[in-house]
Amino acid sequence: MTRRRIFRPAPAPRRWRGFALGSSLAMLVLAMAGLGLPANLFGSAPREQDWVASADSVRVVDGDTLRLGERTLRLAGLISPPRGQTCTTPGGVGFDCGGAAAEALARLVQRSDIACRVRGRDRFGRALGVCEAGGLETNTALVAAAWALAESGAAALQAAEAAARSAGRGLWSHPAGAPESWRARP
């Protein structure tokens, strides 16, 4: 009598079992982490918020950005020269007009509690808002003093910019020495 041999197919490789188990575990960890994330990452946060900071927690980052404690806020509707931007006086003396814009903002907010209305985010994720310090709206005051330009679409700030330009205040006091972006303004 001859013995018959029955061949069975080879078992499936077990390498996929480890991959599937690892993937499942990773998905479970991500799902659990998602439950602990702040709700505003999923678009359910309110579009507008009120932020308040005491005078001792307000820091000026540059001519259009403030630190309110741990939060960073960019003043909405305006553009100030960046720190290090060189401008010249009518006498031909160069100065850091971005630093001068930051100093002007610091004078506006010094020794004052500040209240800001956040109205969205800029392209860097910073909050955009309109602030008030010492009874003055900082956004309008900075443009009216000619240390910032009004962005297109900010009608109230554009009127303040036009008044500052015609009065020759701030960087409009010597347009030839202002930043290129200012000289190119219509």
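The values are calculated or read from the model by the stated rules, or taken from the named source; none is laboratory data. Predicted, not measured: the structure shown is a model, and the values here were computed from it. Positions of Cβ are backbone-derived with ideal geometry, glycine not excepted, and every protein chain shown enters the neighbour counts. Just so you know, the surface numbers come from the protein's heavy atoms only, side chains and all, with ligands and any DNA or RNA stripped out. Shrake-Rupley method; radii C 1.70, N 1.55, O 1.52, S 1.80 Å.
Structural remarks
- 5 angstrom amide H check on residue 85, placed H, neighbours 5+ away: 97, 98, 99
- The string of couplings for the stretch 49-65 from the Karplus curve (6.51, -1.76, 1.60, θ = phi - 60°) is 9, 9, 10, 10, 9, 6, 4, 6, 9, 8, 10, 8, 8, 7, x, 9, 9 Hz, one whole number per residue in order, with x for Gly and Pro.
- Both radii are taken from the alpha-carbon atoms of the stretch 34-186; with Rh as the Kirkwood radius, Rg/Rh is 1.02.
- Å² of accessible area per residue within the stretch 55-102, as computed with a 1.4 Å probe and no ligands counted: 45
- Three-way shape label, the stretch 80-146, alpha-carbon gyration tensor, a/c 1.5: oblate
- When 4, 83 are compared by accessible area of protein heavy atoms, the largest-first order is 4, 83, using a 1.4 Å probe.
- Segments 127-140, 160-173 sorted - mean Cβ within 10 Å per residue, highest first: 127-140, 160-173
- Shape class of the stretch 128-171 from the alpha-carbon gyration tensor: oblate, with a/c at 1.5 or above and b/c at least as large as a/b.
- Amide H contacts under 5 Å for residue 178: 88, restricted to partners 5 or more places along the chain or on a different chain, H placed in the peptide plane at 1.01 Å from N.
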